[in-house]
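What follows is a short report on a single structure.
The values are calculated or read from the model by the stated rules, or taken from the named source; none is laboratory data. Source: prediction; values computed, not measured. As a convention, Cβ positions derive from the backbone with ideal geometry for all residues, glycine included, and neighbour counts pool all protein chains shown. Ligands, DNA and RNA are stripped out before the accessible areas are found, and what is left, the full protein with its side chains, is counted by its heavy atoms. Shrake-Rupley method; radii C 1.70, N 1.55, O 1.52, S 1.80 Å.
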Amino acid sequence: MIKVLYFAGLREALGTAAEEVSPPLDLLDVGALRAHLAARGGDWEKLLTTKNLRFAVNQDMARADTPVHDGDEVAFFPPVTGG
Amino acid sequence: MSVRVQQEDFDLSAEVAALRAGQPGVGAVAAFVGLVRDMNEGSGVSEMALEHYPGMTEKALEAIVAEARARWDILGARIIHRVGTLQPCDQIVLVAVSSAHRGEAFAACEFIMDYLKTRAPFWKREVTPAGARWVDARETDDSAAARWEKGGK
């Protein structure tokens, strides 16, 4: 299973902060997981339409081509605004 | 601990004192404090809530401090970032850096703040007369961080 986390405006839009996802067979990277989740339709398409969506894999900033494996923690969130 | 994420307020004097305690080699301390403004993007702000990604936040801040240590000859660094609900005039963030001479402390302090702005997973939600809204990231923050990537010092 992959632990998927959502933060800030995205968490609010999806109404979900965290979930466990069975990795699709063809899962290679963050981009593939993003497309897999967005394919649920409705609000989940925000994963594709949110401007400058950011990703983290195992709590490190990641890119769409960062590999994802079973057991990983993947997070999706809008650009950060701390400080 | 050089990095802390907390709801409680912090005391600049106490943190600077702790940063340089027992270190006679410290000749300079540079500190930055970020505050909640009562105005953003043309709207009054009455309250702000800060969300973060527990675990990754601390890891990201530690990595930024490590990067600063690799780039400059600094003797100590400390980051405190508050989360939860804050009001205008409240302190949000402290970055303090100690070094032998002022140049390293000034530069590393600014670097840490610029990287924090674009790499540490915090999100601000502010309450305005028109309702609550998530704060948009600024392109000027990206360009401020990018100048350090060209080997800037």
Problem set entry | Neighbours by Cβ (under 9 Å, 6+ apart or cross-chain): first from segment A:37-62, away from chain B (no Cβ under 14 Å); second among the hydroxyl-bearing types (Ser, Thr, Tyr) and open to solvent by 80 Å² or more (accessible area, probe 1.4 Å) | A:Ala38/A:Thr49
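Tell me which residues, restricted to segment B:1-32, are charged (D, E, K, R), touching a residue at least 12 places away in the same chain (Cβ under 8 Å) and either surrounded by fewer than 17 Cβ atoms within 10 Å (Cβ to Cβ) or within 28 Å of B:Pro54 (Cβ to Cβ) (or both). Let's see the steps before the verdict.
Step one: list which residues in segment B:1-32 are charged (D, E, K, R), which gives B:4, B:8-9, B:11, B:15, B:20.
In the following step, the residues that additionally are touching a residue at least 12 places away in the same chain (Cβ under 8 Å) were identified as B:4, B:8-9, B:15, B:20.
Within segment B:1-32, B:Arg4, B:Glu8, B:Asp9, B:Glu15 qualify.
Within segment B:55-153, which strands (runs of 3 or more DSSP E) (wholly inside it) include 2 or more residues that are surrounded by 15 or more Cβ atoms within 10 Å (Cβ to Cβ)? Walk me through it before giving the result.
Working: elements: B:74-82, B:84-86, B:91-99, B:122-128, B:131-134.
Filter on segment B:55-153 gives B:74-82, B:91-99, B:122-128, B:131-134.
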Exercise. Taking segment B:121-144 on its own, how many of its residues are touching a residue at least 12 places away in the same chain (Cβ under 8 Å) and away from chain A (no Cβ under 12 Å)?
Worked result: 4
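Condition check ((1) modelled with pLDDT under 95; (2) surrounded by 14 or more Cβ atoms within 10 Å (Cβ to Cβ)) across all residues:
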position: A:Asn52; (1), (2): yes, no
position: A:Asp65; (1), (2): no, no
position: A:His69; (1), (2): yes, no
position: A:Phe76; (1), (2): no, yes
